[in-house]
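The values are calculated or read from the model by the stated rules, or taken from the named source; none is laboratory data. Because the structure is predicted, anything quoted here is derived from the model rather than measured. No Cβ is skipped: glycine too gets one built from the backbone with ideal geometry, and neighbour counts run over all protein chains shown.
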Amino acid sequence: MADTKRGIAVSYGLGSLGTNIFAQAFSAFILFFYIDHLHAALGPITAAMAVQSVWHAVLNPVVGWMSDRTRTRFGRRLPYIALFTLPLGFVFWLLWRPFVPRADLALYFLVVVALFDLFYLVTVINWTSLFPEIFETLEERARVESFRQGFGIAALMVGVAAPPILYGRFGWSTMGLVLSVIGTAGFVGLVLGLHPAARRTVVPAQHLALRPAIRQTLTQPGFLRYLGTNFLVQFVLVLIPAGLPFFAKYVLHVTHTRLTIMLAVTFVLAMLLVRPWAALIVRLGSRRAFRLAIAFLALGALPFFVVRNFVEGIAALAVIGVGLSGFLMLVDIIMAEIIDDDARRVGERREGVYYGLNGFVLRFGTTLESLVLYVILSVTHYHANAAGIASPAVETGFRVLMAGVPLAALLGALALFRGYRVAESRRVAPEMAVVRDPDAV
């Protein structure tokens, strides 16, 4: 039985490979690729990002709601993952292999990224929705998260730290292909290993229409505070990787290899701290540990006001790595506790709608990231150049991007989470029979 549970935990964790590789490589390098490498026009590309963000946001609750209503003999979630995994990997590669003239890059980007968003959301919302259904206690969730984030932080290294070496040596198209193969393999392993556990289906008391389901979910105590907190932190976690290639090139003047080393130190440290964070979560409880993780992220952002060389950059990113490890461990544990509380109140589990609404809100973090980057690059009169030459105004702008904006967002997140009061996960699982859906086919 212990081996079976461990196998299920490992299989579930494999989903982090595809989820994090695709999302982090996109958020960290897509604007750098199209603007600095392909020299696409700044305005049309950022406008395409804004349109894409709205499309992504609207899709989230719709995909989650459809997932909650689905009934098959393989469960609610797994068939979607199995069907969309291969198309997702292919479209991700197309993002890094544009085959259109420079004048059409913005339109190409908009069309391909719209397909990428659709396939990504269907796959990832169904994967994340399995977490509260399959794993029930705080200890179990913390243990599963240690596997999940172990794979996830490894995926962060692949998706954020490895690309500078890959595109520097082999080109952007090869980089996209390598990341696509690894991420797709993670989802395939998830499907093959998780299908017995994923067949569990909780029969809902009613089939709510989309609008009432969203309305009831938004009135769940603590959920809006969680959404706001998660939005601010996740915004920082997309802003810092997106700004770091610019910061490394124009402020620190480091090579692609050194940029990879800086990022690798962050993620290796985060990976090594997964198990200690799991023990700390059980000891402190999810709420206190969550606040501690956000505080470490804030402490890591602060030094970017003054760092001037490779070693100082590594030191700042190491502190961020400590906070990153804890935050990634806790963000879905907190969400699972909100879903548990909702299920006790209304007698229905709505994981898909919760994760869909969470994704809806988080997507505007990418929009905000694009807006902040656009404003800073425009106001400071940034000009791309191979030598990494930057004016004092551009250097100051990148310091604000890496330190000032993240610090303000993280302090706001800490203030918002102070009023969060949802009950934490049970430490001992209740005796519950698995309920099968009589409508399953």
What single numbered condition from (1) farther than 26 Å from Val144 by Cβ; (2) out of contact with any Lys or Arg (no Cβ under 6 Å at 6 or more places or on another chain) fails to hold for Ala57? (2)
Whichever residue in segment 331-364 is in contact (Cβ under 8 Å) with a residue 24 or more places away in the chain and basic (Lys, Arg) and, among such residues, is surrounded by the most Cβ atoms within 10 Å (Cβ to Cβ): Arg350
Does segment 128-147 include one or more residues that are under 15 Å from Phe267 (Cα atoms), in contact with a Ser or Thr (Cβ under 6 Å, 6 or more places away or on another chain) and assigned to a helix (DSSP H, G or I)? no
Just one listed residue, out of Leu263, Leu299, Leu273, is at pLDDT 85 or above and over 16 Å from Leu330 (Cβ atoms), and it is Leu299
What's the number of the condition Val91 fails, among (1) surrounded by fewer than 18 Cβ atoms within 10 Å (Cβ to Cβ); (2) modelled with pLDDT of 85 or more; (3) under 28 Å from Thr260 (Cα atoms)? (1)
Result of the Cβ filter at 8 Å on segment 370-391, keeping first residues that are in contact (Cβ under 8 Å) with a residue 60 or more places away in the chain and at positive phi and partners that are surrounded by 19 or more Cβ atoms within 10 Å (Cβ to Cβ) and not hydroxyl-bearing (Ser, Thr, Tyr), at least 6 apart or interchain, is Gly388/Lys249
Mind telling me which of the residues Arg287, Arg258, Arg291 ends up being charged (D, E, K, R), more than 29 Å from Glu140 (Cα to Cα) and in a helix (DSSP H, G or I)? Arg258
Of Leu410, Leu371, which residue is in a helix (DSSP H, G or I) and under 22 Å from Val319 (Cα atoms)? Leu410
Meets criteria (at pLDDT 85 or above, crowded, with 20+ Cβ neighbours inside 10 Å and either assigned to a loop (DSSP other than H, G, I, E, B) or more than 22 Å from the chain's Cα centre (by Cα) (or both)) for Tyr226: no
Single condition Gly285 does not satisfy, out of (1) at pLDDT 85 or above; (2) surrounded by 23 or more Cβ atoms within 10 Å (Cβ to Cβ): (2)
When segment 374-396 is checked residue by residue, the ones that are in a helix (DSSP H, G or I), closer than 17 Å to Leu31 by Cα and among the small types (Gly, Ala, Ser) are Ser378
Residue identified as at negative phi and under 18 Å from the mean Cα position of the chain (by Cα) among Phe235, Phe296, Phe310, Phe246: Phe235
May I ask you to verify whether Leu324 is of a type outside the set (D, E, K, R), part of a helix (DSSP H, G or I) and within 17 Å of Pro406 (Cα to Cα)? yes
Scan segment 152-174 for residues that are surrounded by fewer than 24 Cβ atoms within 10 Å (Cβ to Cβ) and either touching a helix residue (DSSP H, G or I) at 6+ places or on another chain (Cβ under 9 Å) or touching a residue at least 24 places away in the same chain (Cβ under 8 Å) (or both) and report the count. 14
Between residues in segment 130-143 that are more than 11 Å from Arg349 (Cβ to Cβ) and residues that are among the β-branched types (Val, Ile, Thr) and modelled with pLDDT under 75, which pairs lie under 7 Å by C-beta distance while being six or more apart or on different chains? Thr137/Val428
Tell me yes or no: at least one residue of segment 149-161 is in contact with a Lys or Arg (Cβ under 7 Å, 6 or more places away or on another chain), at negative phi and at pLDDT below 90. no
Thr217 being part of a helix (DSSP H, G or I) and crowded, with 23+ Cβ neighbours inside 10 Å: yes
Being surrounded by fewer than 19 Cβ atoms within 10 Å (Cβ to Cβ), touching a residue at least 60 places away in the same chain (Cβ under 8 Å) and in a helix (DSSP H, G or I) is the filter; apply it to segment 97-127 and report the residue that is farthest from the chain's Cα centre (by Cα). Arg102
